[in-house]
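Right, one structure below, let's go through it.
Nothing in this text is a laboratory measurement; each read-out follows from the coordinates by a stated rule. Just so it is clear, the model here is predicted, and its values are computed rather than measured. Methodologically, a virtual Cβ is constructed for each residue, glycine included, from the backbone with ideal geometry; neighbour enumeration extends over all protein chains shown.
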Amino acid sequence: MDRTPGVHANKHCEEGYGMGNLKVTMTDTAGKVHEITDVAEGQSLMEIGRAHGVAGIFGDCGGGCACATCHVYIGEGWGEKVGQPDDIEFAMLDMVSDVARENSRLGCQVRMSPELDGISVTVAPTAA
Ligand code: FES
């Protein structure tokens with residue numbers, strides 16, 4: 001990946017927004033596609049979605065893996081790089097099993113890295 005020195009995120013700005021150059025494509029619950037290109041390493045998909053007003057991403061628990069209001073479907077071809085949920089996340093996804101799929105993850109538990117540059121995700125509908 002082409003990276004320009006001085007532009008990429010470092011440990012001091014992981015919490016900030018608009019300071020990185022990683023890309024994420026998020027399709028929200030209204031079907032709108034958000035091409036987000038200023039993502040810093042370390043930001044979670046939930047934080048990114050909230051910061052960009054992506055419909056359907058709420059993050060009610062603040063990223064504590066306790067609400068599932070950041071539920072996303074990982075785009076085809078990205079599952080292996082993203083990895084599998086741990087036991088706690090899996091249990092939370094089980095609470096929304098009516099809308100959970102094999103490629104479900106909680107957005108707050110997936111943090112951006114150069115390996116995930118260009119990832120696409122779709123926001124899951126709210127559980128019944
Ligand atoms: S923000 Fe609550 S589980 Fe992700």
Just wondering, is there one or more residues in the range 54-74 that are away from the ligand (no atom under 16 Å from the Cβ) and in contact (Cβ under 8 Å) with a residue 12 or more places away in the chain?
no
Please give the number of the condition residue 77 fails out of (1) free of Cβ contacts under 8 Å to residues at least 60 places away in the same chain; (2) away from the ligand (no atom under 15 Å from the Cβ); (3) over 24 Å from residue 22 (Cβ atoms).
(3)
With the requirement that a residue be within 15 Å of the chain's Cα centre (by Cα) and more than 6 Å from the ligand (Cβ to nearest atom), what does the range 94-106 give you?
103, 104, 105
